[in-house]
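Here the structure comes first, spelled out in structure tokens, and everything after it is commentary.
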Amino acid sequence: MKAEPSKERYWMTRAGRAATLLLAVTMAGPLSVSPSKAASNPEQAPTDSAGAPAPHSRPPGKGLQATSMTRTDYGVAVVQYWSLGPRLRAEAVVSGHNVVTVVNGAFYYAYDSLEGRGYRIRRSRAAIEADGERLRPFGLQLQEILAEGGEKIREETFEGILVDVYRVTDDEGRRTLRVPTGDPNQIPISLETYNRSRGHTVRLDWINWLTGMNVPESFFMPPPNVELEEFESYDDYRIRLAEGGPIPPALPFFKDLLVSPGE
């Protein structure tokens with residue numbers, strides 16, 4: 001997918017540097033457009049795949065695409081994201097397999113595009129309702145850090161960009177986030193997570209953000225030939241996991257889009 005030349009573009013590149021993302025697996029440039037023009041919130045009235053309108057319906061908008069890279073002690077991984085309003089598609093190569101995550105209305109999908117199989121879990125009502133409150137379905141590290149009691153600790157220039165630096169510290173360690181100063185879209189640039197017990201630091205970098213993309217709604221549904229094991233809730237998925245062992249292709253990477261915190 002490429003943005004049309006006339007569309008607004010927000011691009012961050014870090015030449016010669018790799019990094020990674022992926023929650024349960026391994027998750028972790030000069031600007032051609034100022035941070036204040038970064039990724040305007042692309043919105044679309046959310047509906048579940050059965051056609052029922054989701055709460056907090058919003059007007060339609062253009063798509064958003066971004067790339068993240070994370071570096072850990074175990075290697076480097078890259079994750080590609082696309083969104084259209086609350087809809088999400090994410091792709092990451094895990095052990096040589098392209099794992100695709102799709103979140104669309106009532107359902108959360110994860111499947112292996114090489115083997116053509118995966119699973120579908122019905123999302124909780126609270127998770128669906130939260131779609132209308134998010135800026136976007138990914139890249140919300142600033143909101144998460146603030147919700148956990150973090151605060152702005154300084155301003156600095158980071159790779160030629162004026163940024164605000166936020167930090168949260170707890171018993172497990174600390175997280176340090178950089179966000180362009182004055183950016184209303186709160187686009188994350190870099191997140192460093194230090195684990196105190198292991199003495200390890202993981203760095204997640206966002207490599208680019210593209211806005212105004214014409215992404216079709218069909219891009220946020222699995223192909224019809226993918227074989228899906230279906231679960232009516234996350235609890236059902238967890239029971240099946242406990243009783244039957246691993247469910248390909250991987251554990252849900254975006255649990256916060258599947259169930260709300262505390263569920």
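Descriptive notes on the structure:
- A search for C-beta distances below 7 Å between a residue of region 214-226 that is closer than 15 Å to Asp112 by Cα and any residue that is of a type outside the set (S, T, N, Q) and assigned to a loop (DSSP other than H, G, I, E, B), counting only pairs 6+ apart in sequence or on different chains, returns Asn225/Gly116; Val226/Gly116.
- Residue match in region 26-43 (condition: at pLDDT below 95, surrounded by fewer than 16 Cβ atoms within 10 Å (Cβ to Cβ) and assigned to a strand (DSSP E or B)): no
- Strands (runs of 3 or more DSSP E) enclosed by region 58-177 - at least 2 residues per element that are under 17 Å from Pro261 (Cβ atoms): 161-170
The values are calculated or read from the model by the stated rules, or taken from the named source; none is laboratory data. It should be emphasised that the depicted structure is a prediction, and the values quoted were computed from it without experimental measurement. FYI the Cβ positions are ideal-geometry reconstructions off the backbone, even for glycines, and counts take in every protein chain you see.
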